[in-house]
Amino acid sequence: MAKILVITSGKGGVGKTTSSAALGTGLALRGHKTVIVDFDIGLRNLDLVMGCERRVVYDFVNVINGDATLNQALIKDKRLDNLYILAASQTRDKDALTLEGVGKVIEELSKTFEYVICDSPAGIEKGAHLAMYYADEAIVVTNPEVSSVRDSDRMLGLLASKSRRAEQGEEPIKEHLLLARYNPERVTKGEMLGVDDVEEILAIRLLGVIPESISVLKASNQGVPVILDEHSDAGQAYSDAVDRLLGKEVTHRFIDVQKKGFLQRLFGGRE
């Protein structure tokens, strides 16, 4: 039986699609057959981050409307045999997705995949609700700033009350926190919330801390999930998060200020 994961947040631009691409790729790298589904109707980005935008012929809405089969719409990743992408439609009609239609697609995907990752649009509108409705687990992506954390707290309330599990009185969605764009130097200056502050406010398990890193932007521009950049701090942090998701005990890195060596102080910057 597949595990349905939703990657969600209350605010836009916090790193959901980057995280969906990285975590999905990480699961596939570890041998799990994985599909990443883009729920962001009208603002399709997952295919760009995954580097398969030119290969999109049919999309999620085409499958729901019966214009194409799921097999026709699924795009196989160029790098990994057990990783697939289902792109969002670029139509502006947000009502193109229906609860019944999404349910049928999720059910069909569950027959052949171990992990179905739902890349949710931001906010509390219909697309975000549909992305979380069938989830078994949720990864709430937030940045270390008050407005982002507050919006994530709102999403936790919705996950607890508006999912299928909540409606049917089943075991609640398992929630994880992914803290992205973290900069310990700015935390020490009081410009960002610290890990402890965010954990205290949201009170859910910390899955990973992703450092603020130029490697994320580089990877996105190249259409390569950042987790494949094993030398970057962000790539390593996502890899650790995947291991924790799979039940491994992994110490959190990139939380404390790193002392720079002589050459780093001389030339500045970080990966």
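The values are calculated or read from the model by the stated rules, or taken from the named source; none is laboratory data. Being a predicted model, the structure only gives us computed values, none of them experimental. Glycine also receives a Cβ, built like all others from the backbone with ideal geometry; neighbour counts cover every protein chain displayed. For accessibility, only protein heavy atoms count, side chains too; no ligands or nucleic acids. Shrake-Rupley method; radii C 1.70, N 1.55, O 1.52, S 1.80 Å.
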Only residues in the range 74-95 that are farther than 18 Å from Ala131 by Cβ count as the first member; pair them with residues that are outside any strand (DSSP E or B) and at pLDDT 90 or above, Cβ under 6 angstrom, at least 6 apart or cross-chain, and list the lot.
-> Ile75/Cys52; Ile75/Arg55; Leu80/Ala28; Asn82/Ala28; Asn82/Lys33; Leu83/Ala28; Leu83/Asp77
What is the one condition in (1) open to solvent by 40 Å² or more (accessible area, probe 1.4 Å); (2) of a type in the set (D, E, K, R); (3) in contact (Cβ under 8 Å) with a residue 12 or more places away in the chain that Glu191 does not satisfy?
-> (3)
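When only residues in the range 223-242 that are outside any helix (DSSP H, G or I) and of a type outside the set (S, T, N, Q) count, which is nearest to Val49 (Cα to Cα)?
The initial filter retains those residues of the range 223-242 that are outside any helix (DSSP H, G or I), namely 223-225, 229-232.
Filter again for of a type outside the set (S, T, N, Q), leaving 223-225, 229-231.
Numbers: Gly223: 5, Val224: 6, Pro225: 7, Asp229: 14, Glu230: 17, His231: 19 Å.
Filtering first and then ranking leaves Gly223.
Please report, ordered by residue number, the helices (runs of 4 or more DSSP H) entirely within the range 49-160 with at least 2 residues that are open to solvent by 60 Å² or more (accessible area, probe 1.4 Å) and of a type outside the set (A, V, I, L, M).
Values: elements: 60-64, 70-73, 99-110, 126-133.
So the answer is 70-73, 99-110.
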Within the range 173-184, is even one residue out of contact with any Ser or Thr (no Cβ under 8 Å at 6 or more places or on another chain) and aliphatic (A, V, I, L, M)?
-> no
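Gly13: open to solvent by 20 Å² or more (accessible area, probe 1.4 Å), in a loop (DSSP other than H, G, I, E, B) and modelled with pLDDT of 95 or more, yes or no? It would help to see each step written out before you state the result.
Details: open to solvent by 20 Å² or more (accessible area, probe 1.4 Å): yes; in a loop (DSSP other than H, G, I, E, B): yes; modelled with pLDDT of 95 or more: no.
No; evaluated as a whole, the condition is false for this residue.
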Is there a residue in the range 217-239 that is under 23 Å from Leu5 (Cα atoms), among the charged types (D, E, K, R) and either without any contact (Cβ under 8 Å) to a residue 12 or more places away in the chain or open to solvent by 60 Å² or more (accessible area, probe 1.4 Å) (or both)?
-> no
Filter the range 194-216 down to the residues that are open to solvent by 60 Å² or more (accessible area, probe 1.4 Å) and assigned to a helix (DSSP H, G or I), then identify the one that is nearest to Val141 (Cα to Cα).
-> Glu199
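Just the residues that are open to solvent by 30 Å² or more (accessible area, probe 1.4 Å) and out of contact with any helix residue (DSSP H, G or I) (no Cβ under 9 Å at 6 or more places or on another chain), please, taken from the range 168-188.
Here is the first cut: in the range 168-188, the ones open to solvent by 30 Å² or more (accessible area, probe 1.4 Å) are 168-172, 174-175, 181, 185-188.
Result: Gln168, Gly169, Lys174, Glu185, Arg186, Thr188.
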Restrict the check to the range 167-174 and report whether at least one residue is in a helix (DSSP H, G or I) and either over 16 Å from Gly208 (Cα atoms) or of a type outside the set (S, T, N, Q) (or both).
-> yes
